[in-house]
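Beneath this line is the structure, given in structure tokens, with notes to follow.
The values are calculated or read from the model by the stated rules, or taken from the named source; none is laboratory data. Bear in mind that the values here come from a model prediction, so they are computed numbers and not experimental data. As a convention, Cβ positions derive from the backbone with ideal geometry for all residues, glycine included, and neighbour counts pool all protein chains shown. Note: accessible area is taken over every heavy atom of the protein model, side chains too, but ligands, DNA and RNA are not part of it. Shrake-Rupley method; radii C 1.70, N 1.55, O 1.52, S 1.80 Å.
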Amino acid sequence: EVDEALYLIEQAYEELLEEGSDINHPLVGVMIEVPSAAFLAKELAKRVNFLSVGSNDLTQYLLAVDRNNGRVAELYNSLHPAMLRTLMKVIEGGHAAGVEVSICGEMASDPLAVILLLAMGFDTLSMNSASLPRVKWVVRNFAMTHARKILNEVLEMEHAAQILIHLRAALEEVGLGGLIRAGKS
């Protein structure tokens with residue numbers, strides 16, 4: 001699908017140039033939202049200018065949990081060890097191919113997850129504007145060496161609940177617990 005899309009984009013670009021349009025070649029990226037794309041990140045990244053992870057859909061499809069279905073929604077958790085390890089594969093693949101990797105969705109706006117996303121090496125976090133102050137606070141006040149240490153620790157954990165407890169303790173330890181307590185913004 002990526003090769004086909006790239007062919008069509010190139011064809012349209014060439015046609016516009018032939019018609020005399022003065023345009024720049026568009027940057028093209030791949031949205032990583034399904035496990036198959038995540039595990040082929042390096043191969044996909046070789047073909048495009050950037051990768052972007054859609055954390056909501058990737059979590060849902062990776063864990064086979066419909067987050068909108070009340071009977072199973074409690075199983076949806078972007079801090080699940082499988083999700084974290086999958087994100088690492090995407091980062092490694094994208095960076096090995098020399099392209100930037102971004103992430104969007106709820107995970108990018110969660111102060112707890114941001115610690116891990118930064119340590120993983122995401123180049124860009126995309127979120128709604130209401131989340132920016134809390135995320136900026138974490139980015140500015142959490143040392144990267146500490147974030148990498150925490151990432152290494154959680155990658156050894158087997159349960160999302162363990163990871164959540166560990167991340168909450170890490171924020172409390174550096175005085176940022178107010179970012180995650182109820183009623184704080």
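The residues of region 34-78 that are touching a residue at least 12 places away in the same chain (Cβ under 8 Å), open to solvent by 60 Å² or more (accessible area, probe 1.4 Å) and among the charged types (D, E, K, R), listed by number, are LYS42, GLU43, LYS46, ARG47.
Beta carbons closer than 6 Å, at least 6 apart along the sequence or on distinct chains, pair a first residue in region 108-130 that is open to solvent by 40 Å² or more (accessible area, probe 1.4 Å) with a second that is assigned to a helix (DSSP H, G or I) and hydroxyl-bearing (Ser, Thr, Tyr) for MET127/SER109.
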